[in-house]
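Colleague: Got a structure for you, written out below as structure tokens; questions coming shortly.
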Amino acid sequence: MTASQVHTFFQDYVGAFVRQDIDRICSMWGFPAFMTFEGKQLIFDDDAFRNNAVRLCQFYAAQGMAHAEKDVLELVQLTTTTAAVRTMDRMYRQMGPSS
């Protein structure tokens with residue numbers, strides 16, 4: 001897994017959120033899915049993850065999200081198929097930061 005491959009993965013991932021493609025979002029994860037943020041650690045089975053993705057997409061749509069970007073800030077490869085990644089997300093109501 002190269003940094004370029006991880007970047008491509010996340011571009012596809014954020015695109016799935018913009019399209020509200022729940023099936024694609026879920027297909028990009030292995031379960032149980034582990035997430036950590038703001039000192040919290042969460043583990044999702046596939047049903048809980050899908051429900052969370054649906055809620056997130058509904059929230060983003062209610063905010064008027066039309067475009068999103070995700071940048072990889074840190075990448076630590078753990079195995080050939082697993083990495084610890086820290087990202088920065090930006091969401092826009094129009095098509096990009098200048099809109």
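Colleague: Hey, among the residues in the range 1-41 that are in a loop (DSSP other than H, G, I, E, B) and of a type in the set (S, T, N, Q), which one's modelled with the lowest pLDDT?
Modeller: Residue satisfying both the conditions and the ranking: 2.
Colleague: To continue, here is another question. When residues of the range 42-95 are filtered for being closer than 18 Å to residue 9 by Cα, open to solvent by 50 Å² or more (accessible area, probe 1.4 Å) and not in a strand (DSSP E or B), how many remain?
Modeller: Selection size over the range 42-95: 5.
Colleague: With the checklist (1) at pLDDT 95 or above; (2) more than 17 Å from residue 24 (Cβ to Cβ) in hand, flag the one item residue 59 doesn't pass.
Modeller: Result: residue 59 fails condition (1) only.
Colleague: OK, next. Go through the range 38-63 and count every residue that is within 13 Å of the chain's Cα centre (by Cα) and aromatic (Phe, Trp, Tyr).
Modeller: Counting residues in the range 38-63 that are within 13 Å of the chain's Cα centre (by Cα) and aromatic (Phe, Trp, Tyr) gives 2.
The values are calculated or read from the model by the stated rules, or taken from the named source; none is laboratory data. Owing to the predicted nature of the structure, the values given are computational and were not obtained by experimental measurement. Cβ coordinates were reconstructed from backbone atoms using ideal geometry, including for glycine residues, and neighbour counts include every protein chain displayed. Calculation scope for accessible area: heavy atoms of the full protein, side chains included, ligands and nucleic acids excluded. Shrake-Rupley method; radii C 1.70, N 1.55, O 1.52, S 1.80 Å.
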